[in-house]
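Participant: Structure provided below as structure tokens; questions to follow.
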Amino acid sequence: MKSKMLVSLNVILIIMVCVLSFFLWQYYDKYQKLSLSLLNPDEAKNRTVFNDEWLEPNQFIVKNNRVYISLSTFEKYIDSETTLSGTGQRIYLKVDHIWHQFDKPVLTQYIDENMDAINVPLLYEDKIAYLDMSIVEKLYPVAHVYFQETNNLILYEDQKGQVGEIKANTDKYQKVNADLFKSDVSESKEQIWIVGEHKNYYHILDEMGYSTYVKKNAVSQVQKAPVSNKIFSTPETVALKKPFSLTFEVIDQYTDNFKKQNTRLDAGIDVISPTWFNLNIDGIIINSADLSYTAFVKDQDVQLWGLFKNNFSPKWTKTLLNSEVYQKKAVAQMLLYAAIYDLDGINLDFENIYLEDQDALSRFVKELAQVTGAYNQIISMDVTRPKGSDTWSKVYDRQTLSQFVDYMILMAYDEHWGSSPVSGSVASMGWTEESIIMSLEEIPSEKLVLGIPLYMRVWQETPIKNGRYKKVGSRAITLAGFDKMMSERNLELTYDEHSGQYYTEYFEGGDRYRIWVEDEHALNKRLDLSDQYTLPGIATWRHNFERNSTFPVIFTWQSLER
């Protein structure tokens with residue numbers, strides 16, 4: 001009897017346990033679904049993790065497929081000893097805070113001895129300053145991983161980021177308050193980043209950047225992620241096509257770098273020289289360079305020569321040239337910028353300089369060429385035609401300078417400049433050839449590059465008396481701009497024997513408007529002059545002034561047998 005009662009009680013107990021378990025399971029299932037439903041999926045997106053610390057949202061932006069971190073994040077976690085420029089457009093970084101080792105110790109030593117800071121441009125969006133993460137990675141022991149699908153970003157220092165691997169069918173969990181609930185299963189093997197821990201679980205970002213938890217024993221090959229020390233290796237010398245074609249790219253402000261990448265470069269461009277580096281006071285060089293532009297150019301097999309200009313300031317130039325400290329400071333900056341931005345060469349555009357500084361200019365160019373030449377930089381310098389004014393022409397000791405540079409670019413334009421007292425061609429054919437002949441008296445032909453204008457001027461003249469006109473104004477117009485004007489005004493061209501170019505004019509409001517035309521006819525004549533005097537190449541001023549046919553004409557010319 002007792003035995004039967006005991007069996008009955010056990011059966012009842014088992015039934016009660018089963019019923020209770022069923023209701024508990026239903027309750028837990030509903031609780032888990034309710035808890036997971038309360039999660040905001042966006043809370044785990046648009047986030048930044050530094051090592052294993054989760055930062056506040058919106059610490060970075062993405063432009064042109066590149067990550068830019070906020071200046072506040074950079075200063076808080078990476079380098080707190082920066083200086084914001086007076087305009088707020090760039091920050092100064094101390095050289096002893098950044099990586100600047102070269103494979104040639106003498107170059108590292110030159111940097112250490114002659115400069116204390118560089119500046120890098122900032123990108124602003126909604127009044128918040130951001131810094132290109134690619135630059136940060138080149139200069140600091142920090143790396144990043146960006147997940148496009150979740151817009152999450154991991155920043156990690158050397159040996160402070162953790163990676164691992166999970167197998168297919170690994171359970172993934174979400175955390176609600178202090179509880180973890182299964183939410184997903186990995187479909188295949190995944191590489192993951194470990195960004196935290198919770199009891200026996202790792203907090204991870206999976207291969208798509210989703211925030212989740214997995215059991216620690218489900219993670220294999222856990223290891224610290226290294227950030228290797230960067231060394232600037234001297235680039236290999238790349239031979240230029242002969243004859244080569246260079247074009248200048250005007251970058252007035254940092255954001256211009258992005259606009260210039262909207263259209264691929266034409267065949268017929270072998271070298272592009274962006275106006276990135278500008279002389280300021282006390283030998284400081286203002287930097288407007290951008291690594292996304294570098295990648296844009298290099299991806300098209302085009303060489304990149306960063307242009308360094310003196311801003312046409314004779315006073316700032318005198319300060320630079322008459323101080324050995326400032327000279328070496330400027331050279332050191334250009335060396336480091338060449339390394340950071342992967343330059344193939346440096347173009348010097350120093351104009352409007354006091355004649356008394358002629359020898360000092362030659363000494364500076366020699367120093368720049370020797371130091372950056374050790375980093376395999378091609379050095380070119382822009383010069384006007386000889387025998388002009390003191391500050392714009394005679395200041396160049398062309399014979400001496402040509403010993404130090406690889407190329408001298410003859411700016412064979414502005415025969416009639418904007419404020420010229422009389423109207424005329426920007427560069428008539430006779431004047432251009434004469435400029436070449438005069439330059440070859442001082443510069444070897446293998447180093448002289450012919451500058452070609454991709455613009456013309458519309459000259460305004462007002463009638464005075466006896467059918468004569470007086471020049472009262474002018475404006476520059478691009479080749480494409482002229483084509484539009486010609487179509488709209490139905491202009492007719494006539495050939496001008498004196499200039500060797502086509503010419504047109506029109507009347508408006510009683511005034512006469514005159515144009516000496518830069519077209520394929522003029523371009524081919526200039527290319528013929530380059531061949532006639534066996535020059536190594538041409539340089540066009542400037543990119544985006546051309547018409548659609550300009551660079552195809554140049555490319556065809558380059559392809560001719562010589």
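Participant: Just one of 470, 484, 447 is open to solvent by less than 50 Å² (accessible area, probe 1.4 Å) and modelled with pLDDT of 95 or more; which is it?
Facilitator: 447
Participant: With (1) in contact (Cβ under 8 Å) with a residue 40 or more places away in the chain; (2) touching a Phe, Trp or Tyr at 6+ places or on another chain (Cβ under 9 Å) as the list, and residue 489 as the residue in question, which single condition is left unmet?
Facilitator: Among (1) in contact (Cβ under 8 Å) with a residue 40 or more places away in the chain; (2) touching a Phe, Trp or Tyr at 6+ places or on another chain (Cβ under 9 Å), residue 489 violates only (1).
Participant: Just the residues that are more than 37 Å from the chain's Cα centre (by Cα), within 24 Å of residue 46 (Cα to Cα) and open to solvent by 40 Å² or more (accessible area, probe 1.4 Å), please, taken from segment 198-231.
Facilitator: If the condition is that a residue be more than 37 Å from the chain's Cα centre (by Cα), within 24 Å of residue 46 (Cα to Cα) and open to solvent by 40 Å² or more (accessible area, probe 1.4 Å), then 201 is the only one that fits.
Participant: With the checklist (1) part of a helix (DSSP H, G or I); (2) under 21 Å from residue 404 (Cβ atoms) in hand, flag the one item residue 308 doesn't pass.
Facilitator: (1)
Participant: Does residue 436 satisfy the condition of being in contact (Cβ under 8 Å) with a residue 12 or more places away in the chain, aliphatic (A, V, I, L, M), under 25 Å from residue 522 (Cβ atoms) and out of contact with any Gly (no Cβ under 7 Å at 6 or more places or on another chain)?
Facilitator: So residue 436 fits the description; yes.
Participant: Would you confirm whether any residue within segment 163-179 is in contact (Cβ under 8 Å) with a residue 60 or more places away in the chain, assigned to a strand (DSSP E or B) and more than 42 Å from the chain's Cα centre (by Cα)?
Facilitator: yes
Participant: For segment 87-133, enumerate the residues that are among the polar types (S, T, N, Q) and farther than 14 Å from residue 339 by Cβ.
Facilitator: The answer is 87, 89, 109, 114, 119.
Participant: Of all residues in segment 406-430, which are surrounded by fewer than 19 Cβ atoms within 10 Å (Cβ to Cβ) and aromatic (Phe, Trp, Tyr)?
Facilitator: 417
Participant: Right, another one. In the set 477, 436, which member is open to solvent by less than 50 Å² (accessible area, probe 1.4 Å), in contact with a Phe, Trp or Tyr (Cβ under 7 Å, 6 or more places away or on another chain) and assigned to a helix (DSSP H, G or I)?
Facilitator: 436 is the lone residue from the list that is open to solvent by less than 50 Å² (accessible area, probe 1.4 Å), in contact with a Phe, Trp or Tyr (Cβ under 7 Å, 6 or more places away or on another chain) and assigned to a helix (DSSP H, G or I).
Participant: May I pose another question? Which of the numbered conditions does residue 268 fail, given that it passes all the others? Conditions: (1) under 30 Å from residue 410 (Cβ atoms); (2) within 23 Å of the chain's Cα centre (by Cα); (3) open to solvent by 40 Å² or more (accessible area, probe 1.4 Å); (4) not polar (S, T, N, Q).
Facilitator: (3)
Participant: Please specify each residue of segment 203-247 satisfying the condition of being in contact with a Pro (Cβ under 8 Å, 6 or more places away or on another chain) and in a strand (DSSP E or B).
Facilitator: Scanning segment 203-247 gives a single hit, 244.
Participant: Taking residue 238 and the conditions (1) under 30 Å from residue 347 (Cα atoms); (2) surrounded by 12 or more Cβ atoms within 10 Å (Cβ to Cβ), which numbered condition does it fall short on, given that it satisfies the others?
Facilitator: (2)
Participant: Would you mind telling me which numbered condition in (1) open to solvent by less than 10 Å² (accessible area, probe 1.4 Å); (2) out of contact with any helix residue (DSSP H, G or I) (no Cβ under 7 Å at 6 or more places or on another chain); (3) not aromatic (Phe, Trp, Tyr) residue 310 fails?
Facilitator: (2)
Participant: A further question on this structure: Can you name the condition, by its number, that residue 357 falls short on among (1) open to solvent by less than 10 Å² (accessible area, probe 1.4 Å); (2) within 30 Å of residue 462 (Cβ to Cβ); (3) of a type outside the set (Phe, Trp, Tyr)?
Facilitator: (2)
Participant: While we're on this one: Run residue 530 past the list (1) open to solvent by 10 Å² or more (accessible area, probe 1.4 Å); (2) within 20 Å of residue 559 (Cα to Cα) and report the number of the one that doesn't hold.
Facilitator: (1)
Participant: I would also like to ask the following. Go through (1) surrounded by fewer than 18 Cβ atoms within 10 Å (Cβ to Cβ); (2) at pLDDT 95 or above; (3) of a type outside the set (Phe, Trp, Tyr); (4) within 38 Å of the chain's Cα centre (by Cα) and name the single condition residue 561 misses.
Facilitator: (2)
Participant: While we're on this one: Show me the strands (runs of 3 or more DSSP E) found entirely inside segment 55-160 where at least 1 residues are within 20 Å of residue 232 (Cα to Cα) and open to solvent by 70 Å² or more (accessible area, probe 1.4 Å).
Facilitator: It comes to 90-94.
Participant: Residue check: is residue 52 surrounded by 13 or more Cβ atoms within 10 Å (Cβ to Cβ) and either on the phi > 0 side of the Ramachandran plot or modelled with pLDDT under 95 (or both)?
Facilitator: Taking the combined requirement at face value, the residue satisfies it.
Participant: Within the bounds of segment 183-198, is there any residue that is more than 29 Å from residue 134 (Cα to Cα), of a type in the set (Ser, Thr, Tyr), touching a strand residue (DSSP E or B) at 6+ places or on another chain (Cβ under 9 Å) and free of Cβ contacts under 8 Å to residues at least 40 places away in the same chain?
Facilitator: yes
Participant: Now a separate question. Which one of these does residue 305 not meet: (1) free of Cβ contacts under 8 Å to residues at least 24 places away in the same chain; (2) open to solvent by less than 10 Å² (accessible area, probe 1.4 Å); (3) of a type in the set (A, V, I, L, M, F, W, C)?
Facilitator: For residue 305, the exception is condition (1).
Participant: Also, quick follow-up: Based on this model, can you work out whether residue 461 counts as more than 34 Å from the chain's Cα centre (by Cα), open to solvent by 30 Å² or more (accessible area, probe 1.4 Å), free of Cβ contacts under 8 Å to residues at least 60 places away in the same chain and more than 27 Å from residue 305 (Cα to Cα)? Reasoning before the result, please.
Facilitator: On the way: more than 34 Å from the chain's Cα centre (by Cα): yes; open to solvent by 30 Å² or more (accessible area, probe 1.4 Å): no; free of Cβ contacts under 8 Å to residues at least 60 places away in the same chain: yes; more than 27 Å from residue 305 (Cα to Cα): yes.
No.
The values are calculated or read from the model by the stated rules, or taken from the named source; none is laboratory data. In this text, all values refer to a predicted model and were calculated from it rather than measured experimentally. FYI the Cβ positions are ideal-geometry reconstructions off the backbone, even for glycines, and counts take in every protein chain you see. Ligands, DNA and RNA are stripped out before the accessible areas are found, and what is left, the full protein with its side chains, is counted by its heavy atoms. Shrake-Rupley method; radii C 1.70, N 1.55, O 1.52, S 1.80 Å.
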